[in-house]
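What follows is a short report on a single structure.
What follows is calculated from the coordinates using simple rules that are stated; it is not laboratory data. It should be emphasised that the depicted structure is a prediction, and the values quoted were computed from it without experimental measurement. Don't worry about glycine lacking a Cβ; one is built from the backbone with ideal geometry, like all the others, and counts go over all protein chains shown.
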Amino acid sequence: MSIYILPVIIVALFLYAIVKRVKVYDCFLEGGREGLALVKGVFPYVATIYIAIVLFKVSGLSHHLATALSVPMGYLGIPPEITELMMLVPISGSGTIALVEEVIAEFGVDSYVAKCASVVAGGSETIFYISAVYLSKCKVKHLNRAIPISLFCTLLGTVIGCALCRVM
Amino acid sequence: MNLVFTAIVLVSSIILIFTNPSEVFPSMIEGVGGAIDLCFKLCAIYAVWLSVLKIMEKTGLDSGLARLLRPVIRRLFKGESDESEKWISVNLASNMLGMGGASTPAGIKAMASMEKGAKATANMDLLVVINATSIQLIPATIIALRASAGSGNPSSIIAPTLISSTIATVVGVVLTKLFSKDNEDNKPSITQKLKMKLHDFIKRLKTKNSTKSKNKKSGGRP
């Protein structure tokens, strides 16, 4: 069902554009031009974040931090496997998906840990990527409190998600 | 951001010097390589979605969407222009529908149009927080992943995901409203603010109690 939503919306939009006599071809030309400019602005932010991500992983720092944090996180009801996922979630979308796949392969798809991993990954966003990329067209280079607030809320969402997985 | 980046890069590099010193520069370059791959993908996604957004703009659909969502957006983002409201509504609507490709370009445009002066405004913070704690109606990628792994009930995660991410977003909005304020010359730190808030709260409790017990004797306190 849900696979039809997007295509239907797009077709409806094209039809509406014809009714409104909007030049669709010209719109796509402009879209392509803007897209290129946008990526040019976004690139330094993405590159910088990726350097940090790769170093973070290759050095094993993410693993060490996750192991160290898994004890206090355990008190909040978060399984140790989810702690590592939680550290990856704010920085890398593809990394998150890969780790969820790993957890599913290791524990079985309908296990408690795999369900937690799915909930955490499903309700999360790459905070550092968003907060950097959204500023790419602004002169302002720093947000005030958005990053700590978002990180705290993600932690809160993870705790609630893991708790809900026990009962639902 | 500078602090986080420097800390991660510094600590990682120090660890690598002890464990695998030849990996420091290759991994940094590998990182940028990954970023270039991503940017190519993003370029394709943006080109398509920005074209779609352009059609929406030319047909006036985006203003219609903004009018539809205005009651909510006006309340959350006070004092923004029509232009900003338009992009915010496109950003939030596409986010909820799972059209991630449309939400990022709309979000970038919204941020650029909300910018005032040399500091990020509270509303800019709010937009980032809402996006970063995004309420997703249907986490399609994860459900597909679970289905392909042979789950007995792949969509069983929808309810817990929706509930936990909704709570996260609501708390995020409240915290941003509390801690991210504009035009403060001598900004108190977060801890100071927390203390002030707590103090206020206790004061209010005391006033309430005393008005109850003394029966309106101590009314009209500041």
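Across every pair of non-identical alpha carbons in chain A, the mean reciprocal distance, once inverted, gives a Kirkwood radius of 18.8 Å.
The aspartates and glutamates within cross-link reach of A:K40, meaning a Cα-to-Cα straight distance under 18 Å and a gap of 8 or more places when in the same chain, are A:E30, B:D37.
At most 13 other Cβ atoms within 10 Å plus a DSSP loop assignment makes a site exposed; report the longest stretch of chain A without any exposed trypsin sites (Lys or Arg not before Pro). Mind showing how you got there, number by number?
Numbers: sites that count: A:K20, A:R21, A:K23, A:K139, A:K141.
The reported range is A:24-138.
Between the beta carbons of A:V167 and B:A44, assuming R0 = 51 Å, the FRET efficiency works out to 0.75 to the nearest 0.05. Given R₀ = 35 Å, FRET efficiency for B:I202-A:Y4 by Cβ-Cβ distance, to 0.05? Working from the Cβ atoms, E equals 0.05.
Counting Cβ atoms of other protein chains within 10 Å of each Cβ in B:32-40 and taking the mean gives 6.
Of all the options B:L162, B:L205, B:L175, the one that moves most in a Gaussian network model of chain B with Cα springs shorter than 10 angstrom is B:L205.
When you restrict to C-alpha pairs under 8 Å that are six or more residues apart and normalise by the size of chain B, the relative contact order lands at 13 percent. Name the shape class, rounded, prolate or oblate, that the alpha-carbon gyration tensor gives for the protein assembly as shown, where a ≥ b ≥ c are the square roots of its eigenvalues, rounded holds for a/c under 1.5, and otherwise prolate holds if a/b is larger than b/c and oblate otherwise. Taking the square roots of the gyration eigenvalues as a ≥ b ≥ c, the protein assembly as shown is rounded.
Inter-chain neighbour count for A:23-34: the average number of beta-carbon atoms from partner chains within 10 Å of each residue's beta-carbon is 6. Cα-Cα over 25 Å: which of B:K177/B:K197; B:K116/B:K181; B:K116/B:K195; A:K137/B:K86? Long pairs (Cα-Cα over 25 Å): B:K116/B:K195. Comparing B:G64, B:A149, B:P26 along the charge dipole axis of the range B:1-158, the residue lying farthest to the positive side is B:G64, per the Cβ-charge model.
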